[in-house]
Each structure stands twice: as structure tokens, then as C-alpha cells.
Amino acid sequence: MEKFITDEIQNEAIEDLSKIVGIASYNEKAESKAPFGKGPKKALEQVLAITEKLGFKTYEDPDGYYGYADIGTGDQTFGIVGHMDEVPAGNLEAWDVEPYKLTEKDGKLYGRGTQDDKGPTMSAIYAIKAILDKGYKLNKKIRVIFGTDEEILWRCLAEYNKKEDSIDLGIAPDAEFPLIYAEKGLQQSYLVGPGSKELHLDLENAFNAVPGKAVYDGPKQTEVFEALKKHGFEADKKDNSIEVHGKSVHAMNAPEGVNAVVRLGIALAEVYPQIKVLQFLKAFGEDANGTNLLGDVSDDVSGKLTFNISSLKITDDESRMQIDLRIPVKIDHDQLVQQISDAVAKFGLKYENFDYVAPLYVPTDSELVKTLMSTYQDLTGDMKSQPAISGGATFARTMHNCVAFGGMLPTTPDFMHQANENWSKADMRKAMEIFAEAIYRLCVK
């Protein structure tokens, strides 16, 4: 195999990576032509300047939602879909380095975005440059697409898909090698019903996390505590409240967690049997696959539905729950929504949509998957790792015939969204080699 990546190429990639890591690009208040704030806008403009310097033809959406860089020609377009936004640095005291300055230390590159997703995106860009520097000609147009709202609601690529032509095949370098060929559908919704003058609750958590704690400071605490003990639910009695303990995990792994909000709701249902939303929680139980409510919802590709109830509010006027569903790729979304609506109506609840992201499924016998897998195996010697399915979501699902491919190796420690985010130079080098060989096989040979 051709050796595409040299020390010089990697050093150039690191130098340009430092320019975009140096920009704090988390979501902020919208400004003119910067719908997600000045940071993502500035990072987008910087990466477009970098790619233009490298010979790409660049385009920035006039409204500031996205940009892209094209190189090569052909009847087909190969897409590389990355993002320039990031999560905030968080507690600065937890960082050993300045989060918005690329710092090399002990063979690692530190800074917000080094893993997610500025580092992998820049690595893919320089993988293209490495191929072209060898004198090869592309047989497809390559388009590197830059999103600016991946960490929030993906409005950037929703806008892209309204305005631009679809790619023919592609990768999103925003996950782990070897690749993810199936991503479950993501549905976030509300279940809304009648309120109660006897009981008020305000247990609010993120949609996408199983709540690991629920605090109850309402009336009849002795009865509620006894009901918790009866069910064997772990809880502590405080002076003026009860703290129910669970185990918090990401919603895509909901069956592995212990939902403290649901456990509290089940106990409250015994003390307040007349409150319909509590009777729903009692019937739903602790089955995070939703089997008690819907029966078996699964397919032969991506497994079972996951059903996470993250929040519960009860006021005089209404009760409201947040639910997060990870839907198997072969399940009809509209039929499932109707099934849920019919099931919760029996408890006086109404289904309300909040957000939906369609699933990703590219068969493992497709040319794209076979080529990417053979590339990964040839360059790593790893024959054990197999194409994966995920309940999570990457930008790959926004595009036609696209999969998540890298840039983290299976052995790469995960520092995404954490203090001291870093990516080792050795792992970056291997990712660049894999990207370059894959692009060569798909866009040159």
C-alpha cells in the first residue's frame, strides 16, 4: 500500500487544527448571519479559509448555518461530514491546560474539539491533501461539509439538506472505527395529561439521560417512603424530603440504568391512586424497552426499542413527562407513534412530538461498508472489531449512503465532552492513514 501520511503532512494538519481549536465555538445567542452565535460562525469561517488555502473551492451559507469545501470532479460526490461546534469547556479549574489553545504534552494534543470533532475533521482534510500531493487524480468530487449545530439540534444540516444536493456516499468522522452502519431512530416527545391539586412535582432532567436521582419533598412522605421500601427501591429519608436513588446512563443504554423518576412514580401511585399519570408509571414499570406498554418492538438489525422517561412534572393544570425513544431501524416510525398514542390514551395522556431524527441503515454488504471495513482491517490488522449498531446519533444519518467512520480507534480513551479533552498524536496518525487509504480506494482507484 502507498504510504500517504508523512511527518510533514501530520505537522501541517496539527498547525491548522490549532487555529480552529483556538476558537471557542459552543452554541450561544444568535446574531446576524450567525444563528448559533459568533463562536461557531468564526470556526466555520476559519476552516473554510484553511481548505481554500489547500486548493478547495469553498462555500458559506449566506445565513451562516453551514459551509463546505469541494475538490475534484466526477459524476458522483463523496461526502465527509464534520462539525465545527463543540460543547463548552465547563469547569476551567478541572483543566490542566487552556481549553482553547492546542497544547502538545506527552505525545497528546490537548484542547476542546481535539476528539470531537475538529481533530478528526482536520485529519480527513489532510488525508485528501496527502493523496493529491502524491499526484493522484480524483474520480469523484469530494465535498467536506461543516456543520455548526451538531451538539444541539442539527439545524445546520437540516438547512443544508433544504438547499443542497445530496451526496452519493460518504463518511462522518465523528465516532469510532471500524464503523457504524446502523443508528436507531431518535424520537423525543412529551406525554401530557391532567394535573392535580393534591400533588405537585417538578422532576426535570435531560431527555437523553436516565435520571439517577429523584427528590420528593411533597406531602405524605411516610406513606411514600413505605411504598418505596415495599418495592425494594433504594431511598433515603431526609429531614423534609426523600431521595430516591437510581443509576444514570445515557438514554440509548436505558435498560442498563435504574430510573429514579420512574421508581418514585411507582411508589407515588400507591399513595395517590387517583392520579392518572402515576398509574401510567405503575403500568409502565421498570422495563426500559417499553414492553409492558407496547409489547416487543425490535428488528433483526438493531435490536430492541429503548424507552426512557426522564422527567415528570405535575401542576394544578397538567402532568407532563419527557420521553426519549431509540427506535430500531426497520420499525415504521409513524406506526410506532400511533401505537404509543393509543396506549397512553388509556391513561388520559396525550402524545406530543418534540424532535425526531430518522435512522441510519447502510447494509454491511454494500460497497461502501465493505471498502471501509477492508481498509480498516488492512491498516490495523484488527479482524475482531465488526461493523456496529448504535442507539446514538451522528451526522452520518443526515446524508444518503453515509456511515460513521472513525476517527477514534477502539483503543483510544474517550475524552469527548470532558475536561482535558485530548487525542494522542499516534492515534491521530493512524486515523489519518486509514482516512487516506479509504479515500484513495473510494475516490481514486
Query raised in the report: Straight-line reach from Lys384: which aspartates and glutamates have a Cα under 18 Å away, not including same-chain ones fewer than 8 places off?
Result: Glu176, Asp365
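Please pull out the direction-averaged projected area of the stretch 230-369, using the convex hull of its alpha-carbon atoms, in nm² to one decimal place.
Details: hull surface 41.3 nm².
If I average the Cα hull's projected area over directions, I get 10.3 nm².
Go through 131-137, 253-259, 58-64, 167-173 and give me the packing order, highest mean Cβ count within 10 Å leading. Show your work: numbers first, answer last.
Working: 131-137: 14.1, 253-259: 19.0, 58-64: 16.0, 167-173: 25.1.
Result, highest mean Cβ count within 10 Å first: 167-173, 253-259, 58-64, 131-137.
Can you order the peptides 22-35, 404-417, 232-245 by their average number of other Cβ atoms within 10 Å per residue, highest first? Provide the component values of the computation, followed by the final result.
Numbers: 22-35: 16.8, 404-417: 19.4, 232-245: 14.4.
Ranked by mean Cβ neighbours within 10 Å, highest first: 404-417, 22-35, 232-245.
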Requested in this report: With a length cut of 15 Å (Cα positions projected on each helix's long axis) and a Kyte-Doolittle mean of at least -0.5, go through the chain and give me the DSSP H helices that pass.
Outcome: 7-21, 118-133, 260-271, 333-345, 367-380, 425-443
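What does DSSP give for the chain in terms of the percent of beta bridges that are antiparallel, rounded to the nearest 5?
Values: 58 of 76 bridges.
So the antiparallel bridges amount to about 75 percent of the total.
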Query - With every protein chain in place, the chain: carbon and sulfur % of accessible area (1.4 Å) - result: 46
**Report entry** the stretch 218-290, relative contact order [Cα under 8 Å, separation at least 6], %
**Finding:** 26
Report task. Once you have all Cα-Cα distances for the stretch 143-197, histogram them in 10 Å bins from zero and send the whole-percent values. Result -> 15, 39, 27, 11, 8, 2
Query raised in the report: Where the centroid of each part is defined by its Cα atoms, how far is the stretch 78-94 from the stretch 147-199 in Å?
Result: 16
Query raised in the report: Considering the stretch 58-116, what Rg and Dmax in Å follow from its alpha-carbon atoms?
Result: 16.6, 51
Report summary line: Mean Cβ-within-10 Å packing, highest first, puts peptides 222-228, 146-152, 115-121, 288-294 in the order 115-121, 146-152, 288-294, 222-228
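Which whole number in µm²/s is D for the stretch 169-232 by Stokes-Einstein, with the Kirkwood Rh taken over Cα pairs at 10 °C and 1.306 mPa s?
94
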Report summary line: Taking a ≥ b ≥ c as the square roots of the eigenvalues of the Cα gyration tensor, with a/c under 1.5 meaning rounded and otherwise prolate when a/b exceeds b/c and oblate if not, the stretch 43-156 is oblate
Report summary line: Computed ³J(HN,Hα) along the stretch 90-98: with the Karplus parameters 6.51/-1.76/1.60, θ = phi - 60°, integer Hz and x for glycine or proline, the list is x, 5, 5, 5, 7, 8, 8, 9, 6
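Using a Förster distance of 60 Å, how high is the FRET efficiency between Lys237 and Lys137, based on the Cβ-Cβ distance and rounded to 0.05?
Numbers: r = 73 Å, r/R0 = 1.22.
With R0 = 60 Å, the Cβ-Cβ based efficiency is 0.25.
Which FRET efficiency value, to the nearest 0.05, do you get for Asp106 and Lys346 by plugging their Cβ-Cβ distance into 1/(1 + (r/R0)^6) with R0 = 41 Å?
Working: r = 59 Å, r/R0 = 1.44.
According to the calculation, E is roughly 0.10.
Rounded to a whole number, what is D in µm²/s for the chain from Stokes-Einstein with the Kirkwood radius over alpha-carbon pairs (25 °C, 0.890 mPa s)?
Details: Rh = 23.5 Å.
Approximately 104 µm²/s, per Stokes-Einstein.
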Query raised in the report: Quick one: Kirkwood hydrodynamic radius for the stretch 357-445, alpha-carbon pairs, angstrom, one decimal?
Result: 14.5
Report summary line: Of the listed links Lys108/Lys129; Lys162/Lys313; Lys57/Lys118; Lys101/Lys129; Lys118/Lys162; Lys238/Lys313, those spanning more than 27 angstrom between alpha carbons are Lys162/Lys313
Query raised in the report: Solvent-accessible area per residue for the stretch 318-362 at a 1.4 Å probe radius, Å²?
Result: 48
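The values are calculated or read from the model by the stated rules, or taken from the named source; none is laboratory data. Model, not experiment: these values are computed from the prediction. All Cβ positions, glycine included, derive from the backbone under ideal geometry; neighbour counts span all protein chains shown. Accessible surface is based on the protein model in full, side chains and every heavy atom, while ligands, DNA and RNA are left aside. Shrake-Rupley method; radii C 1.70, N 1.55, O 1.52, S 1.80 Å.
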